[in-house]
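The values are calculated or read from the model by the stated rules, or taken from the named source; none is laboratory data. Predicted model only: the values in this text are computed from it and were never measured. Here the Cβ positions follow ideal geometry from the backbone for every residue, glycine too, while neighbour counts run over all protein chains shown.
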Amino acid sequence: MRIPSRLLAGLTAVAAATTLGLTGGAAHAETQVRDDQAGDTVAPSITRVSPQSSADIVRLTGNHGPDRLKFTFDLVDLTPGELVNVSARFLSPGGRDHYLTLTRNNQGKIISLVRNDGDRGELPCAGAAGSVLNAKDRVIVSVPRSCIGNPRSVRFGGGVFATTQFTARGIIPTSAVDDARRDGSVGQEIRLGTRELDRG
Ligand SMILES: [Ca+2]
């Protein structure tokens, strides 16, 4: 099975800017929660089949505050040392389609904001941020609304790709991918929800 290209985009992306940590929660924000079953990851055909708990989403939470959009991914077991590529996708009523991706590898983390329409170019956004919380099996990404045209609402989804890293010559990594709104399958794009997440 082919890995969605957008899920992999962050693997080679160069971060325009990375801000450590996240701002505190907004006083007023709308939140939506999407629960996803455990054990429904898909292994890309080019790699050995292996359950990858680091890729397995069990909950995706979208939070739309006055200033920022924030997405929280709760995973089955986020294993230190594995490469993970966590992408939130969100679509505004005006048709702007974005991917906000955090890639965690053995050098650290990279955050990128990419247009998924038009020229599909990376957008500079100094305030894009993300955190990897191994102890909580959680990854959080967020972006200022000003970087994405201040939408009044978005529809959103999320996906995670995880792979073991090369640790020795001849060891083939295992990989898996999960879409928060699909069970046991992935598509070419991360699936969006049907409900609008309004600005709080
Ligand atoms: Ca899952």
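Pull up segment 80-112, narrow it to residues that are without any contact (Cβ under 8 Å) to a residue 60 or more places away in the chain, closer than 21 Å to ALA162 by Cα and surrounded by 13 or more Cβ atoms within 10 Å (Cβ to Cβ), then point me to the one that is nearest to the chain's Cα centre (by Cα). Even if it seems obvious, please write down each step before you answer.
Here is the first cut: in segment 80-112, the ones without any contact (Cβ under 8 Å) to a residue 60 or more places away in the chain are 80, 94-98, 100, 104, 106-108.
From the residues that got through so far, the ones that are closer than 21 Å to ALA162 by Cα too are 80, 98, 100, 104, 106-108.
Those left that are additionally surrounded by 13 or more Cβ atoms within 10 Å (Cβ to Cβ): 98, 100, 104.
Values: HIS98: 11, LEU100: 6, ARG104: 11 Å.
Ranking the candidates gives LEU100 first.
Kindly evaluate ALA43 against the criterion of being under 20 Å from GLY184 (Cα atoms) and either among the polar types (S, T, N, Q) or modelled with pLDDT of 95 or more (or both).
Details: under 20 Å from GLY184 (Cα atoms): yes; either among the polar types (S, T, N, Q) or modelled with pLDDT of 95 or more (or both): no.
Judged against the criteria, ALA43 is not a match.
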Checklist (1) outside any strand (DSSP E or B); (2) within 16 Å of the ligand (Cβ to nearest atom); (3) of a type in the set (Ser, Thr, Tyr); (4) farther than 24 Å from GLN188 by Cβ applied to THR61, failing item: (1)
Any hit, segment 118-133, residues being within 16 Å of the ligand (Cβ to nearest atom) and touching a residue at least 60 places away in the same chain (Cβ under 8 Å): no
Sole residue being touching a helix residue (DSSP H, G or I) at 6+ places or on another chain (Cβ under 8 Å), in a strand (DSSP E or B) and not small (Gly, Ala, Ser), chosen from PHE71, PHE90: PHE90
Filtered residues of segment 116-132 (kept if outside any loop (DSSP other than H, G, I, E, B) and at pLDDT below 95): GLU122
